[in-house]
Each structure stands twice: as C-alpha cells, then as structure tokens.
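The values are calculated or read from the model by the stated rules, or taken from the named source; none is laboratory data. Just so it is clear, the structure is predicted and the values come from calculations on it, not from any experiment. When we count neighbours, we look across all protein chains shown, and the Cβ atoms used for this are built from the backbone with ideal geometry, even at glycine. Side chains included, ligands, DNA and RNA excluded: accessible areas come from the protein's heavy atoms. Shrake-Rupley method; radii C 1.70, N 1.55, O 1.52, S 1.80 Å.
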Amino acid sequence: MNELNFCKFTMKPHIKKVIWEITNECNYSCSYCIFSSTGKKPRGELSFTQINDTLTQLKYQGFNYIKFTGGEPFLRSDFLNILQLAYSLNFEMDVSTNAFLITEEMLYQLSLINLNFIHVSLDGYDIDSHEYVRGKNTFNKTIIGLKNLLKFNKNIRIGTVIHKYNQDYLQKIINLVDSMNVKSIIFSLMKPIGRMSNDVSSITTRTSEELIDNIQKPDKS
C-alpha cells in the first residue's frame, strides 16, 4: 500500500478544478449520502449537448481538471461519451464510482481515456461491514467491478468513509484492497450532513489519533 492518508482537499497550483455531479441518480442508498441521491433520474438533468457546451465553456475559462461524481456517473448511458469528449478537450480527469456497473464490455473504452485515477467507494471488508451503510446487495458487485477495473487500469483509489460501525476494522479494509494490488486508499470521516443531516448516531466515536493507531497496528485476526 503506497498511500495511507485522511482526506485532504488540496490541489497543485496549476490545477483549476471542477467537481461535477454529473447525475444525482444512484443505484445505492448510502445512509450518509451528502447529495441525497435517489434511484430516479432527476428532472432537468443536463443533456449531452448541454454538457458539450459546458465543457467548451469551462475550457475557455481556463479550467483544466474535472472530477466526475454523482450519484453514480455510470448510470448515465452517455457517460463514456462524456469522458471521451472531455478527454478530447485535454481535461485531466478522475471519476468517483461505486463500481457496481463496471462490466468487461466497457473496460476497453475506459482504457483509451487517460484518467488520473478512478475512485471506488468501499466502506467495509465484508458484506456486513460494507452494506451496513451502503445497502443490501452492494458489496459483491462493488468487488467484482473493482476487480474488472484492475484488469485494465492500475490507477485505482479506494475511498472509505469512517463511521461507528467500521472504525475498528480499517486495517481489515486495507488488507482486502492490498490483496487485490490496489495501491492507494483514502479515508474520510462521516459527517452529519446530506441524508444524515443533524444525525450523529453513526458518527465515529474514535479520535483521529485512535483511528491512525488502529490502522498502524498489525491485524492479528
């Protein structure tokens, strides 16, 4: 594991970045979703033509980096076309996904796009620990999608949200992704915002120092 850090939103001086929620539709129902994404396609979602125009304007305004997030970006049937368009405009890019929809059929097209990395959300080391906050029937699909991605793209980053129910198992999550030769994992702390607005019942009870100490101790199980 080459990287082990807590989420820090920092950018290099030459980067002018846009974080683009390309859709609010999602096939998961994560209890802590900051966007309160739903299983329905939102009304008024930008068309491909509108996205094309927006990308052109962003380029004109000097932006050079786009982080595509959601919802689940790959629920858009035109998302690969959006990535290809942004790539043709010389944007640097990364994508946040739950990997549920990553199939072998789309991997070749993804391999032709120079993504800085693909960020895959994984909040547990097994079904129970992951699905406690992300919903049923999500863990195995995420692992399958992650393994598919790793066949074509080694620039995969795992993102784990720390909460009360996985706070003591972070090393197990590291061990899992390390066993798949993922080189980077980033942790962030669950906050009472979005769908969890003002709800602190699942917030971690550990201090940052305790969490770091937990990670640095060898897993004896």
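Laid out as a table, the results:
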{"read-out": "Lysine pairs with alpha-carbon atoms under 27 Å apart, the range 96-171, spacing 8 or more or separate chains", "value": "6"}
{"read-out": "Positive dipole terminus of the range 1-150, leading residue within Cys26, Ser36, Leu110 (C-beta point charges)", "value": "Ser36"}
{"read-out": "Contour minus Cα-Cα distance for Asp128 and Asp78 (0.36 nm per residue)", "value": "14.7 nm"}
{"read-out": "Relative contact order (%) - the range 1-151, alpha-carbon pairs under 8 angstrom, separation at least six", "value": "23 percent"}
{"read-out": "Net dipole in debye of the chain [+1 Lys, Arg Cβ; -1 Asp, Glu Cβ; about Cα centre; nearest 20]", "value": "260 debye"}
{"read-out": "Estimated vicinal HN-Hα couplings, Hz - the range 39-53 in sequence order (Karplus 6.51, -1.76, 1.60; Gly, Pro = x)", "value": "x, 10, 5, x, 6, x, 4, 4, 7, 4, 4, 5, 5, 4, 4"}
{"read-out": "Sequence-distant residues sharing a close amide H with Cys26 (under 5 Å, placed H)", "value": "Thr38, Gly39, Lys40, Glu72"}
{"read-out": "Table column - 3J(HN,Hα) (Hz), the range 171-177, Karplus curve with 6.51, -1.76, 1.60, x for Gly and Pro", "value": "5, 5, 5, 4, 4, 4, 6"}
{"read-out": "Charge dipole of the range 121-221 about the Cα centre (unit charges at C-beta), most positive-ward option of Val133, Asn214, Ile158", "value": "Ile158"}
{"read-out": "The range 63-156: radius of gyration and largest Cα-Cα distance (Dmax), Å", "value": "13.5, 42"}
{"read-out": "Placed amide H near Ile162: partners under 5 Å, 5+ positions off or other chain", "value": "Ser188, Leu189, Met190"}
{"read-out": "MRE, 222 nm, helices only [DSSP H, n ≥ 4, -39500 (n - 2.57), over the chain, to nearest 500]", "value": "-9500 deg cm²/dmol"}
{"read-out": "Of Ser88, Ser31, Ser121, the one that fluctuates the most in a GNM where the chain has Cα springs shorter than 10 Å", "value": "Ser88"}
{"read-out": "Amide proton proximity set for Glu21, modelled H, under 5 Å, gap of 5+", "value": "Thr69"}
{"read-out": "Extent along principal axes [Cα atoms of the range 98-221; Å; largest to smallest]", "value": "43, 34, 25"}
{"read-out": "Accessible-area value, Met196, 1.4 Å probe, nucleic acids and ligands omitted, Å²", "value": "10 Å²"}
{"read-out": "Whole-Hz couplings from phi, Karplus 6.51/-1.76/1.60, listed for the range 17-32; x for Gly and Pro", "value": "10, 10, 9, 10, 7, 6, 7, 9, 7, 8, 8, 10, 9, 4, 5, 10"}
{"read-out": "Percentage relative contact order, the range 131-198, counting C-alpha pairs under 8 Å, at least six apart", "value": "35 percent"}
{"read-out": "Per-bin percent of Cα-Cα distances, the range 133-201 [10 Å]", "value": "17, 46, 30, 8, 0"}
